[in-house]
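Just so it is clear, none of the values below were taken in a lab; they were calculated from the coordinates. Just so it is clear, the structure is predicted and the values come from calculations on it, not from any experiment. As a convention, Cβ positions derive from the backbone with ideal geometry for all residues, glycine included, and neighbour counts pool all protein chains shown.
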Ligand code: URA
């Protein structure tokens, strides 16, 4: 049943016209990896490589993400990776509030199907839709545990921010390790 719902959601997403991004997209980037994983990673929106391939985090930021995950005991293929916005905003623009709101029902439905125990929210756009609290800067909310329903959410910097400022790498690793410890402590 769960798999059937998931397959229906994939089909639904491919026909989605909830915002203007449907006009310029090549692919809807639904997510990849193992949706049954206890941990999901949620990023911002696909870039040009992701739009071309229909897969999340396959460019430079994705390579860094894979490295950070592996270094901290997670295989990219054994977690599920998706984005807040599933279609590429043209010209590398950041997703708008309207685009995030138009796409939120899809993310909420994805989460409702598999109910992951943990989410690592990558960057402020993911945090802005998953956290039920306003915040001024990522610094204020990273490395803490929040809740989205029964799912525990840890926020960290987006890998693209780490590419721009390599000093953030240690902080992201710290946050990934925090989720690892939470998972290890779980019954
Ligand atoms: N940045 C994101 O937030 N998501 C991707 O899939 C790629 C880059």
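Listed values, structure above:
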item: Rg over Rh, two decimals, segment 2-185 (C-alpha only, Kirkwood Rh); result: 0.93
item: DSSP-defined beta bridges in segment 2-185 - what % are antiparallel, rounded to 5; result: 30
item: Value of relative contact order over segment 2-185, rounded to a whole percent, pairs C-alpha under 8 Å and six or more apart; result: 23
item: Distance between modelled label sites at residue 5 and residue 96, nm, 7 Å Cα→Cβ extension; result: 3.2
item: Fluctuation leader among 143, 62, 43 - the chain, Gaussian network, Cα springs under 10 angstrom; result: 62
item: Centroid-to-centroid separation of segment 113-174 and segment 53-71 [C-alpha atoms, Å]; result: 16
item: Most mobile listed residue (157, 148, 118) in the chain, GNM with C-alpha springs under 10 Å; result: 148
item: Rg to Rh quotient for segment 85-167, alpha carbon positions, Kirkwood Rh; result: 0.96
item: Residue among 136, 86, 75 with the largest mean-square fluctuation in a Gaussian network model of the chain, springs linking Cα atoms under 10 Å; result: 136
